[in-house]
Each structure stands twice: as C-alpha cells, then as structure tokens.
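Inspection log for the structure reproduced underneath, given as structure tokens.
Readers should treat all values here as calculations from the given coordinates under stated rules, not as data from a laboratory. Everything numeric here is computed off the predicted structure, so don't read it as measured data. Every residue, glycine as well, gets a Cβ built from its backbone with ideal geometry; the counts of neighbours run over all protein chains shown.
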Amino acid sequence: MKKKDERTYTIILAIIACVLMVINISIYINQNKYIPQQKSSENTTVQKATIKTEEEKEAEEIATLKTLGERDRMERYFGKYIGYIEEEEYEKAYNLLYEEFKQNYFKTLDDYVKYIKETYPEMISVEYTNIERQGQYYVLFVDIVDLMATSGNENKISQNIVIYETDYNEFYISFSL
C-alpha cells in the first residue's frame, strides 16, 4: 500500500506542476501581448506631459517665482528681457518696457530695435553688481559684457535697470540710456 500512496502522491504533484506551468505560460503570453499597447500608451502619456499649454507654463513659472527672493526675481525678469534680445524677439522685449518709458524714448518698435542693435553686443553676458529697492521699484545695477570681444578689448556697458513688478511674472522695465 505504501507504493500506491507514493504513486498517487507523485501523480498529484505532477498534475499540480502541470497546472502551474500552464498558468505561468498563460500569464507570460498575456503580458507579452499587452506590452506593445502599454508602450504606445506610455509614449502618448509622455508626449502629453511634454506638450504643456501656455497656462501650465505660466503657472509653473509663477510657482517658481513665488519661491524666489526679490533680487532673484528681478534678475530673472531682466534675464527674460535679455533673452528676448539675444533671440532677436524684439517685439516681446519691447512689450516689457514701461509704457511712459516707451513713449519718451522709443515711440516705435523700429526706434527700439535700432537702439538695441547699436548698443548691445550680439552675445551678451550680464553681471549683476547691485540691487536697490526704491518704493515699488527695483533698480538693478548691471554690466553688459560682449562675450565676443577679445580680452584686451572688452566691450562693457554699465546700466541701471528699473523694474516695476505689479504681480508675479507681471513686470515692466526701463533703463538708463
């Protein structure tokens, strides 16, 4: 009877092993069948995540600006302005100018572009030397350096930049001419 029990036990173990193998094979097939679909949906999710709306970008920028101190915010604003100039997006830079400043010195976009091309170098480096707050206005003292100038003939322009911040990421710029 001992041999009969061992044989029954062996058959039961073999059946269990076969059932487990069938389950594993079916799971493997199902997982491999869905992987391409998962990857394509993952790619779509990544694409959606990288394509942000202007509102989302603005909200992220405002959230970042709220974490910065006054000096860092003002430097960031001026960096944005200089970035527009470097990218030759003169209209965007012109739109950041304080309205009265524009009316007094640059009545048209063409006047402004002419000034920028005559005054600023092509490759700009900004060195922030100081900042002062005068009421609701911030005054940045900057040196604008020509990165293309040879070391013996460094072209440096010192300017005072006045920034009027009405809200986070809402600001106007004027500067000493």
P(r) weight above 22 Å for region 53-177, C-alpha pairs, percent
37 percent
Region 46-177: antiparallel DSSP beta bridges as a percent of all, rounded to 5:
95 percent
Under the √(5λ) rule applied to the eigenvalues of the Cα gyration tensor, what semi-axes describe the equivalent ellipsoid of region 99-171? Give them in Å, descending.
25, 19, 10
Within 10 Å of each candidate Cβ there may be at most 15 other Cβ atoms; applying that plus a DSSP loop requirement, which trypsin sites (Lys or Arg not before Pro) in region 96-151 survive?
107
Once amide H atoms are placed 1.01 Å from N in the peptide plane, what residues at a sequence separation of 5 or more from residue 98, or on another chain, have their amide H within under 5 Å of its amide H?
173, 174
Please turn the phi angles of region 78-95 into ³J(HN,Hα) values with the Karplus equation 6.51 cos²θ - 1.76 cosθ + 1.60 (θ = phi - 60°), one per residue in order, whole Hz, x for glycine and proline.
5, x, 5, 4, 5, x, 4, 5, 4, 7, 6, 9, 5, 5, 5, 5, 4, 5
